[in-house]
1. Sort 121-133, 58-70 by packing, meaning the average of other beta carbons within 10 Å per residue, with the highest value first.
2. So what's the gap between the Cα centers of region 129-167 and region 18-80, to the nearest angstrom?
3. When only C-alpha pairs under 8 Å and at least 6 residues apart count, what is the relative contact order of region 88-171, in percent?
4. Run the simple label-point estimate for residue 143 and residue 104 please: 7 Å along Cα→C-beta, distance reported in nm.
5. P(r) for the chain, please, calculated from all Cα pair distances in 5 Å bins and given in %.
6. Which of the peptides 175-184, 153-162 is most tightly packed, and how do the rest follow, going by the mean number of other Cβ atoms within 10 Å of each residue?
7. Can you compute the modelled spin-label distance between residue 90 and residue 178, with each label point 7 Å from Cα toward Cβ, in nm?
8. For the chain, what's the relative contact order in percent, using C-alpha pairs closer than 8 Å and at least 6 residues apart?
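Read-outs: derived from the displayed coordinates by stated rules, not from any lab. Predicted model only: the values in this text are computed from it and were never measured. Ideal geometry is used to build each Cβ from the backbone, glycine not excepted, and the neighbour counts take in all protein chains shown.
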């Protein structure tokens, strides 16, 4: 074999490999968690991940009395939806409450769609909430405070992104920028 061809072979073969997309947020490689979600939405309908097949799902855990992280993340996700334009029709944001004691369906209905009309609030019993939080490895701890709130929840602050095939693909930290989230959603929608 000609020496030049031999030396060029790795470069030629590298050009034949399909390149994987360059996600900006943390890529999850076929995680063993985050497979099941069965909760009621703020309209009283039972929902599972399969209900949103064909869409990118953004799954975020929090509670309506959260003083900072939750409203900030929901506002950021609303901005993501606005930047996506018509592509936003293929994205579903799901907000799972970690505080079913205070977050009734009516409270979720008032709170969650306020950020964007397509957002859905999900809730379950205390036991269902615990199971879903464990399934998604979400931390939550009740902390009593000396105010009218009574208690707050320290909790995990990131969101999960599922591709249109229903595969958990990305973890988005609570400090992720809107443009980075938008770029990743576009990649997921492109397949």
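1. 58-70, 121-133
2. So the two Cα centres are separated by 12 Å.
3. Value for region 88-171: 20 percent.
4. Label at residue 143, label at residue 104, 2.8 nm between them.
5. The distribution over the chain is 1, 7, 15, 19, 19, 14, 7, 5, 3, 3, 2, 2, 1, 1, 0, 0, 0, given as percents.
6. 153-162, 175-184
7. Rounded to a tenth, the inter-label distance reads 2.2 nm.
8. Rounded, it is 31 percent for the chain.
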